[in-house]
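Undergrad: Before I ask anything, here is the structure I am working with.
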Amino acid sequence: MMRILCLGLLILCAGCSRPPQPAAARKEEKVSAETKILHFYASPGLLAPGETATICYGVENATAVEINPLVDELRPAFNRCFQVSPRQTTTYTLTATGAGTSTASLVINVSGTAAAKGGASAQKSQMILFFLTSTPSVPAGLPATLCYGVTGAAKVSITPPGPVLEPSERHCFTVKPATTTTYTLTAFKKDGASELQRLTVAVR
């Protein structure tokens, strides 16, 4: 009888040491309900007046999505794209709402108009015509679009190292910084002379 009683007490104590299942289930449900913007970017990030860019976004656990300035009726989706034709440099802000709210912004630069605050220097120089970004601030893990234009250059490079670049009067490419990063574009002439410009993409 004593052995049976001790065995019963051991089983009872083992059951008491387990965390309450309902609390764990509630915690898991709370985490999964977080509203997130998975990505939000534009391509290309630099336009001539009258040209069109494609904006893409993806959200998770959102019940509603809107963009400002209003350009299209949006709906929650893991991946959706639409086109815009801004007449001037424009900042677009995406807002996703659900159990919480998440926002993200990007800039589409239109040549011949004022550069948006937070973009890179568009100061004209001997070789580098411009070096700018449509996404001066991005959530960690999301891409940013960088655009540049050069003239009279035989070679172009980017640091930190990224895609292989070619001299072009207008070219855009994407990077995915893990932390706030300063990018340096360097243009080289055939005689070895060089020129550089820098811009910073903030990761929040």
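Every number here is computed from the coordinates shown, using simple stated rules; none is lab data. Keep in mind the model is a prediction, meaning the values are calculated, not measured. Quick reminder, even Gly has a Cβ in these numbers, built from the backbone with ideal geometry, and neighbours come from all protein chains shown.
Undergrad: List the residues, sorted by chain then number, that are 5 or more residues from SER168 or on another chain and whose placed amide H is less than 5 Å from its amide H.
TA: Those lying under 5 Å, H to H, from SER168 are VAL150.
Undergrad: FRET efficiency for ALA193 and ARG170, Cβ-Cβ distance as r, R0 = 22 Å, nearest 0.05?
TA: Working: r = 22 Å, r/R0 = 1.01.
For ALA193 and ARG170, the calculated efficiency is 0.50.
Undergrad: Using a 7 Å offset from the Cα along the Cα-to-Cβ direction at both THR200 and SER157, what is the distance between the two label points in nm, to one decimal?
TA: With each label point 7 Å from Cα toward Cβ, the separation is 2.4 nm.
Undergrad: Distance from a point 7 Å along Cα→Cβ of THR97 to each backbone N in the stretch 52-81: keep the residues under 19 Å and list them by number.
TA: Residues 58-77 fall inside that zone.
Undergrad: Excluding ARG75 itself, calculate the net charge of residues whose Cβ lies under 14 Å from the Cβ of ARG75, where each Lys or Arg counts +1 and each Asp or Glu counts -1. Mind showing how you got there, number by number?
TA: Numbers: positive: ARG80; negative: GLU60, GLU66, ASP72, GLU73.
Combined, the nearby Lys, Arg, Asp and Glu give -3.
Undergrad: Want the number for CYS81 to GLU66: 0.36 nm per residue separation, take away the alpha-carbon distance, what's left?
TA: Working: separation 15, 0.36 × 15 = 5.40 nm, distance 1.32 nm.
Result for the pair: 4.1 nm of gain on full extension.
Undergrad: Once amide H atoms are placed 1.01 Å from N in the peptide plane, what residues at a sequence separation of 5 or more from LEU38, or on another chain, have their amide H within under 5 Å of its amide H?
TA: Here the answer is GLY58, VAL59, GLU60, since their amide H atoms fall under 5 Å of that of LEU38.
Undergrad: Evaluate the distance, in nm, between pseudo-label points positioned 7 Å from the Cα of GLU51 and of THR182 along their respective Cα→Cβ axes.
TA: With each label point 7 Å from Cα toward Cβ, the separation is 2.9 nm.
Undergrad: Work through the residues other than PRO86 whose Cβ is under 15 Å from its Cβ and net out their charges, Lys, Arg +1 and Asp, Glu -1. Spell out each step's value before the answer.
TA: Details: positive: ARG87; negative: GLU51, ASP72.
Overall, the nearby charge balance is -1.
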